[in-house]
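Asks: Have a look at the structure that comes next, please.
The values are calculated or read from the model by the stated rules, or taken from the named source; none is laboratory data. Computed from a prediction, not measured in an experiment: that's the story for all the values here. When we count neighbours, we look across all protein chains shown, and the Cβ atoms used for this are built from the backbone with ideal geometry, even at glycine.
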Amino acid sequence: VHQYGPEMDKRIRRQLKKTNDSWRVDETYIKVKGQWMYLYRAADSEGNTIDFYLSKTRDHKAAKRFFKKALRSFHVSMPRVITVD
């Protein structure tokens with residue numbers, strides 16, 4: 001997974017459906033392999049997944065990394081509005 005995952009991610013993301021410009025962003029606390037982590041995720045208004053990010057912390061740095069990652073994606077249009085719960 002660690003070896004092929006990043007390469008598959010690069011190749012598959014280019015073929016994803018274009019998202020619209022209305023985003024919904026949230027974060028939740030989940031258990032991954034016995035460790036509690038924060039899952040940041042974004043979806044457009046039609047429910048298409050934009051991106052997700054797992055982090056051990058819930059702070060400014062983690063949120064900034066998540067948004068940078070989401071905005072870099074090939075299938076993402078610039079958001080007109082971002083709704084945060």
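Asks: Take the stretch 59-76 and flag every residue that is exposed (fewer than 14 other Cβ atoms within 10 Å of the Cβ) and either outside any helix (DSSP H, G or I) or of a type in the set (Asp, Glu) (or both).
Replies: Within the stretch 59-76, 59, 74 qualify.
Asks: Now a separate question. How about the stretch 64-83: which of its residues are within 20 Å of residue 38 (Cβ to Cβ), of a type outside the set (D, E, K, R) and at pLDDT 85 or above?
Replies: Residues satisfying the conditions are 66, 67, 70, 71, 82, 83.
Asks: While we're on this one: I'd like the residue in the stretch 40-56 that is in a loop (DSSP other than H, G, I, E, B) and more than 15 Å from residue 71 (Cα to Cα) and, out of all such residues, is modelled with the highest pLDDT. It would help to see each step written out before you state the result.
Replies: Kept after step one, since they are in a loop (DSSP other than H, G, I, E, B), are these residues of the stretch 40-56: 45-48, 56.
Imposing the further condition that a residue be more than 15 Å from residue 71 (Cα to Cα) reduces the set to 45-47, 56.
Working: 45: 88, 46: 87, 47: 86, 56: 94.
Checked the stretch 40-56; the qualifying residue modelled with the highest pLDDT is 56.
Asks: Mind listing whichever residues of the stretch 30-45 are farther than 16 Å from residue 73 by Cβ and in contact (Cβ under 8 Å) with a residue 24 or more places away in the chain?
Replies: 38, 45
Asks: Here is a follow-up. What number goes with the only condition from (1) touching a strand residue (DSSP E or B) at 6+ places or on another chain (Cβ under 6 Å); (2) exposed (fewer than 10 other Cβ atoms within 10 Å of the Cβ) that residue 80 does not pass?
Replies: (1)
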